[in-house]
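Just so it is clear, none of the values below were taken in a lab; they were calculated from the coordinates. Since we're looking at a predicted model, the values are computed, not measured. Cβ coordinates were reconstructed from backbone atoms using ideal geometry, including for glycine residues, and neighbour counts include every protein chain displayed.
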Amino acid sequence: MYNFLNDLARFNFLQYALVTGVLASVACGIIGTYVVVRRISFIADGIAHSVLAGMGSALFFRTVHGWEWVSPLYGAVAAALVTAIIIGVVSLWTKEREDTIIGALWAVGMAVGILFIARTPGYSTDLMSYLFGNILLVTEHDLWLMAGLDLLVVVAGVLFYNRFLAVCFDDEFARVAGLRVEVFYLALLCLTALTVVVLVTVVGIVMVIALLTLPVAIAGFFSRSLWQMMALSAMLSMVFTTAGLVVSYEPNYPTGATTIMICAVAYLVVVIGEGLRKRGRG
Amino acid sequence: MSDPVIIMEDLSFSYDGHLVLEDVNLAIHEQELVSFVGPNGGGKTTLLKLMLGLLHPTKGTVRIFGKRPQDARPLIGYMPQHAHLDPQFPVSVMDVVLMGRLGLTRPFGPYTKADRIAAEEALRTLHVWDLRRKHFSALSGGQRQRVLIARALAPNPRLLLLDEPTAGLDVAIEGEFYELIRGFARKMTVVLVSHDLGFVSQLVHKVVCVKRSVVTHATSDITGEIISRVYGSEMKMVLHDRSNGGDIFKCITS
């Protein structure tokens, strides 16, 4: 702990990592709550995996073709948004099975990403960091981009709170009440996509879903309304990402995996605690 | 008589090639209190959804206040069946009722003072103002029905569409419910779906029997023959009482 604080004062990368965790937590609390109550975590996970296509291709074009301006994070944003819109359009306007499409996009996104990365010299460390997180590799430029995404997600999520709430709770009624349900559903998927991109940086593609849903699940036990759930899960998520960073730093554990384990343990403790409390009462 | 609130002309509706409604002709007028009755799967809810523009007729037309249904939505209050709602969803009663104001409130940000006043009025009308801070999922079935009716009333509609408002309702409070619905009908046109003919025949002016085709009866014209035609042999009439000045039918499934 002492070493961590000492290094935090000295090293930019550690400060960036800490700020990244906090930024990610805010988006995570707000959008994660919508994802959990609307039960679209499978969609969020599909989007997360498709992100590899964007990161892989961006890396390829940058390394092999010298397109310096293409950051993997831009690729991730593009891939996530395209996937979100395809899933949204399929589920709103076609009679295809939604879960089949999600599964396909999930796997194809991974495949495209892996092919590009395999053709990029020196690929293996990049692939590992995309899959399992690279919070210690965040640059100042990444940080600004993430702050921008975060701002967008938070402003939209808060400004249209009532509308997203209605679309998540009872979309048929929302339509009758005069809401453009398709617009709000697509917007929600796009916000989910942007949040996923921010989270991928923190815990990696494979583990995004846990960070997006577990803090919300814990908050669900103690919240009576959606906004309480958002505030509480954002705070929990800040605690978990920071703790993940602190705990993993000295023994040099993978930060993403450590963060997820902390989330999981906290969730388990709360579930068991609540179970015992209910049994004790009844 | 004034122009009809709801007109359906030569309307048919098929779902996945399966004919649900056929050659429906229907006119419902201002301040009428009408019930759709018929067996499950007979097309009652489908008929409501066609009126809301949630479904579109395969053939024929629907006009609500002379407009296309989707354009008439600001004038309609709608209570769906609550079975499709997620019982774990964290939302308070007040927030549920405020959803009725979505089409009238400002395009973003919190609800306005006017929205809250309308929601309060609706909650008080349904005698559930005390429950406003409760979790929607913590309510009993009957309380949920009231909250969803309050949500339908919140936009101060001119046409109220209620899908199975009596489902899961305690028999003891049925009488109170009659009074509530009669009260609505003094201010607006009310259409309710019910498979409980006993409930509606004491209440409504007009019964629309829905079983693929549609036949409209004045309540006083309902006979045992009509009931068995609509429900088939499963239904039988067990009580025939003229004490309320009108005919009362209690129907049970055998």
Given GluC sites (Glu not before Pro), DSSP loops and at most 15 other Cβ atoms within 10 Å, the longest exposed-site-free stretch of chain A is A:97-282
Roughly how far apart, in whole Å, are the Cα centres of the range A:149-188 and the range B:38-80? 24
What is the calculated FRET efficiency for B:N156 to A:V239, with r their C-beta to C-beta distance and R₀ = 41 Å, to the nearest 0.05? 0.35
Return the inverse of the average 1/r over all pairs of distinct C-alpha atoms in the protein assembly as shown, which is the Kirkwood hydrodynamic radius, in Å to one decimal. 26.0
State the dimensionless ratio Rg/Rh of the range B:1-93 (Rg: radius of gyration of Cα atoms; Rh: Kirkwood radius). 1.01
Taking neighbour Cβ counts within 10 Å as the exposure measure, how do B:M188, A:M235, A:M55 sort from fewest upward? A:M235, B:M188, A:M55
So if we plug the beta-carbon distance of B:H205 and A:V108 into 1/(1 + (r/R0)^6) with R0 = 56 Å, what FRET efficiency do we get, rounded to 0.05? 0.40
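Where in chain A are the DSSP H helices whose C-alpha atoms run 15 Å or more along the long axis and whose mean Kyte hydropathy is at least 1.0?
Numbers: long enough: A:12-37 (37 Å, 1.67); A:41-65 (36 Å, 0.95); A:72-93 (31 Å, 2.03); A:98-118 (30 Å, 1.72); A:140-159 (28 Å, 1.49); A:181-203 (32 Å, 2.54); A:208-222 (23 Å, 2.47); A:226-249 (34 Å, 1.40); A:255-281 (39 Å, 0.81).
Span-like helices here: A:12-37, A:72-93, A:98-118, A:140-159, A:181-203, A:208-222, A:226-249.
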Based on the alpha-carbon set only, what is the convex hull volume of the range A:1-68 divided per residue, in Å³? 139
Gain upon complete extension [A:E172, A:F222; 0.36 nm per residue less C-alpha separation]: 15.2 nm
Quote the FRET efficiency, to the nearest 0.05, computed for A:E182 versus A:D7 with a Förster distance R0 of 56 Å and r equal to the Cβ-Cβ distance. 0.70
Does the range B:55-110 classify as rounded, prolate or oblate by the C-alpha gyration tensor (a ≥ b ≥ c root eigenvalues; a/c under 1.5 gives rounded; else a/b over b/c gives prolate, otherwise oblate)? oblate
Listed pairs A:K95/B:K49; B:K49/B:K113; B:K187/B:K211; B:K49/B:K206 exceeding 27 Å between Cα atoms: B:K49/B:K113; B:K187/B:K211
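DSSP loop trypsin sites (Lys or Arg not before Pro) in the range A:177-282 with at most 11 other Cβ atoms within 10 Å of their Cβ, which ones?
none
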Near B:K44, which aspartates and glutamates are there with a Cα under 16 Å away, not counting those fewer than 8 places off in the same chain? B:E22, B:D23, B:D163, B:E164, B:D196
With label points built 7 Å along Cα→Cβ from the Cα atoms of B:I173 and B:D23, find their separation and express it in nm. 4.4
Calculate log10 I(q)/I(0) of the range A:48-181 for q = 0.14, 0.15 Å⁻¹, where I(q) comes from the Debye formula with a single equal point scatterer on each Cα and nothing for solvent. -0.79, -0.87
Along each principal axis of its Cα atoms, how long is the range A:123-169 end to end? Whole angstroms, biggest number first, please. 44, 23, 14
Could you tell me the distance between the Cα centroids of the range B:101-173 and the range A:1-80, to the nearest Å? 42
How long are the three semi-axes of the equivalent ellipsoid of chain A, in whole Å, if each is the root of 5 times an eigenvalue of the C-alpha gyration tensor, listed from largest down? 29, 26, 16
Counting all Cα-Cα pairs in the range B:87-156, those more than 18 Å apart amount in percent to 30
Let me know the shape class of the range A:167-234, please: from the alpha-carbon gyration tensor, a ≥ b ≥ c as square roots of the eigenvalues, rounded when a/c is under 1.5, otherwise prolate if a/b is greater than b/c, or oblate. oblate
If every alpha-carbon in the range B:7-155 counts as one equal scatterer, what log10 I(q)/I(0) does Debye give at q = 0.11, 0.17 1/Å? -0.52, -1.06
Let me know the longest stretch in chain A that avoids all chymotrypsin sites (Phe, Trp or Tyr not before Pro) found in a DSSP loop with at most 13 other C-beta atoms within 10 Å. A:70-282
Expected sort for B:R158, B:R73, A:R10, A:R175 with the fewest Cβ neighbours (10 Å cutoff) up front is A:R10, B:R158, A:R175, B:R73
To check my understanding: the extent here is largest minus smallest coordinate of the Cα atoms along each principal axis. What are those three numbers for the range A:15-125, in Å, largest first? 41, 37, 21
Exposure-ranked with fewest Cβ neighbours within 10 Å first, B:L161, B:L26, A:L268 stand as A:L268, B:L26, B:L161
